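Below is one structure, written out as structure tokens; comments come after it.
The values are calculated or read from the model by the stated rules, or taken from the named source; none is laboratory data. Computed from a predicted structure; not experimentally measured. Glycine also receives a Cβ, built like all others from the backbone with ideal geometry; neighbour counts cover every protein chain displayed.
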Amino acid sequence: MNKSLLSASSFPDFVGIPAILSSYTEENSEVEDVDATLMLLVAKGEHAAFETLVKKHQKPLLNFFVRMGAYSESEDLVQNTFLRLYRYRERYQPTAKFTTFLYVLAYRVWADLGRKTQRRERVSQGLQTEVATDQQHAAESSIPTLDVEAALDKLSEKLRHVIVLNFYQGLRYQEIADVLKIPLGTVKSRINLAINALREQFHEAQNKPSGQGQ
């Protein structure tokens with residue numbers, strides 16, 4: 001696979017903790033899974049279909065790995081995910097939504113990295129890139145903001161995983177359950193716990209006197 005397809009050099013602006021508290025949803029409306037159709041074409045040897053999938057999903061996957069803490073290795077992990085996807089092409093069956101299948105592969109690639117001791121440094125580098133624009137906008141409007149890096153880093157790994165998959169990657173609760181191989185009820189419980197923890201931190205930031213801690 002041509003590595004030039006994975007040359008994305010920037011990440012979308014981070015929308016901020018308040019958006020997590022107000023905009024996350026449990027389910028989205030049903031839509032046709034065009035990606036599954038493309039994957040079936042890949043199995044038939046349609047290379048253009050695979051290139052379409054790569055171009056569509058490479059940036060979301062980059063953001064996924066960054067938010068999971070693999071900042072410096074994120075591009076390599078994206079490439080490894082697509083390599084695994086291509087190897088699965090003849091065995092792929094659209095029994096679940098394509099993005100669920102893709103993030104099962106991505107999560108396994110991330111798990112294989114096995115470098116959890118470096119997580120803090122990698123997360124810091126990635127989130128500093130994403131949060132810069134959001135902090136600038138917040139400063140201009142004088143709206144108190146939460147230190148996103150610190151807030152997410154304070155969450156346990158289990159809670160952080162469900163937030164990343166639900167809010168940032170747009171997976172539904174059942175899809176998250178499939179990716180992490182945990183019961184649907186556990187996903188809902190972890191989402192609620194994570195949202196409550198982030199809400200508490202955001203309220204604390206709002207109530208902190210201006211200039212405190214600077």
*Would you mind finding the one in T100, T81 that is surrounded by 15 or more Cβ atoms within 10 Å (Cβ to Cβ), in contact (Cβ under 8 Å) with a residue 40 or more places away in the chain and assigned by TED's automatic domain parsing to the domain that holds D35?*
T100
*Among the residues of the stretch 84-103, which ones are assigned to a helix (DSSP H, G or I) and either more than 24 Å from G45 (Cβ to Cβ) or of a type outside the set (A, V, I, L, M, F, W, C) (or both)?*
R84, Y86, R87, T99, T100, Y103
*asked:* If I filter the stretch 178-201 down to residues being among the hydrophobic types (A, V, I, L, M, F, W, C) and buried (at least 20 other Cβ atoms within 10 Å of the Cβ), which single residue comes out as nearest to L62 (Cα to Cα)?
replied: V179
_Selected residue [in contact with a His (Cβ under 9 Å, 6 or more places away or on another chain), at pLDDT 90 or above and under 13 Å from K158 (Cβ atoms)] from I176, I182_ = I176
*Hey, does the stretch 144-164 have a residue that's at pLDDT below 50, surrounded by fewer than 19 Cβ atoms within 10 Å (Cβ to Cβ) and not polar (S, T, N, Q)?*
yes
